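Please read the structure below before turning to the comments.
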Amino acid sequence: MITLQCLLEFQNKQDKEIVLDLMRRFSSATRYAYKRLLENEKRKDLKKHLSKLFNINTRYSDDAILLAQSMISSYKERGQNPKKIIFGSRKLFEQLSRNHLTGKRKEKLKAKWREKGKAISIQEAINLNKEI
């Protein structure tokens, strides 16, 4: 398999927001799937639930589950506890966990953390489904 990295360019801001929203929902679905797989929920039930909850098609739901399963198996292969995963950036999390940061530096790191881990909550997903 070949992996390519590219830069997306958008003709207008609305297109960019649509893609960012889809990425955010997929990321949230992946986190949700990860947690449910750790609770031994069945893939078939989870796939249907993710599609409804995050308003994504079943292909995206299936990919989110696959990604979550690969993360779990990777952690287990390395002998690490899969329950201790941090979504976003561990480095940022550890920096924010230190108490010596104050003021603008801490706020800047918090903003970066929120941007990296930007996700929608379960309640937001439910509200999104009600709108559609």
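Select, from F10, F54, the only residue that is in contact with a Lys or Arg (Cβ under 8 Å, 6 or more places away or on another chain) and free of Cβ contacts under 8 Å to residues at least 60 places away in the same chain.
Numbers: F54 fails: free of Cβ contacts under 8 Å to residues at least 60 places away in the same chain.
Residue meeting the stated conditions: F10.
Exactly one of (1) assigned to a helix (DSSP H, G or I); (2) modelled with pLDDT of 90 or more is unmet by I56. Its number?
Failed condition: (1).
If you go through segment 44-69 one residue at a time, how many are closer than 19 Å to I85 by Cβ and more than 14 Å from the chain's Cα centre (by Cα)?
Matching residues across segment 44-69 total 1.
Would you mind stating whether A111 is surrounded by 10 or more Cβ atoms within 10 Å (Cβ to Cβ), within 30 Å of K47 (Cα to Cα) and either out of contact with any strand residue (DSSP E or B) (no Cβ under 8 Å at 6 or more places or on another chain) or modelled with pLDDT under 90 (or both)? Working first, answer last.
Numbers: surrounded by 10 or more Cβ atoms within 10 Å (Cβ to Cβ): yes; within 30 Å of K47 (Cα to Cα): no; either out of contact with any strand residue (DSSP E or B) (no Cβ under 8 Å at 6 or more places or on another chain) or modelled with pLDDT under 90 (or both): yes.
Criteria not met by A111.
Restricting attention to segment 4-43, which residues are among the β-branched types (V, I, T) and closer than 22 Å to F87 by Cβ? Explain how you work it out, then say what you get.
So the first thing to find is which residues in segment 4-43 are among the β-branched types (V, I, T), and the list is 18-19, 30.
If the condition is that a residue be among the β-branched types (V, I, T) and closer than 22 Å to F87 by Cβ, then V19, T30 are the ones that fit.
Here is a yes/no grid of residues against (1) at pLDDT 90 or above; (2) out of contact with any Asp or Glu (no Cβ under 8 Å at 6 or more places or on another chain); (3) surrounded by 15 or more Cβ atoms within 10 Å (Cβ to Cβ):
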{"residue": "V19", "(1), (2), (3)": "no, yes, no"}
{"residue": "Y34", "(1), (2), (3)": "yes, yes, yes"}
{"residue": "E39", "(1), (2), (3)": "yes, yes, no"}
{"residue": "K47", "(1), (2), (3)": "yes, no, yes"}
{"residue": "K52", "(1), (2), (3)": "yes, yes, no"}
{"residue": "A64", "(1), (2), (3)": "yes, yes, yes"}
{"residue": "S70", "(1), (2), (3)": "yes, yes, no"}
{"residue": "K84", "(1), (2), (3)": "no, yes, no"}
{"residue": "Q95", "(1), (2), (3)": "no, yes, yes"}
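Conditions tested, residue by residue: (1) in a helix (DSSP H, G or I); (2) of a type outside the set (F, W, Y); (3) farther than 29 Å from I18 by Cβ.
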| site | (1), (2), (3) |
| --- | --- |
| L37 | yes, yes, no |
| E41 | no, yes, yes |
| K48 | yes, yes, no |
| Y60 | yes, no, no |
| I65 | yes, yes, no |
| K76 | yes, yes, yes |
| Q80 | no, yes, yes |
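The values are calculated or read from the model by the stated rules, or taken from the named source; none is laboratory data. What you see is a predicted model, and the numbers here were worked out from it, not measured in a lab. Positions of Cβ are generated from backbone atoms using ideal geometry, with glycine treated the same way; all protein chains shown enter the neighbour counts.
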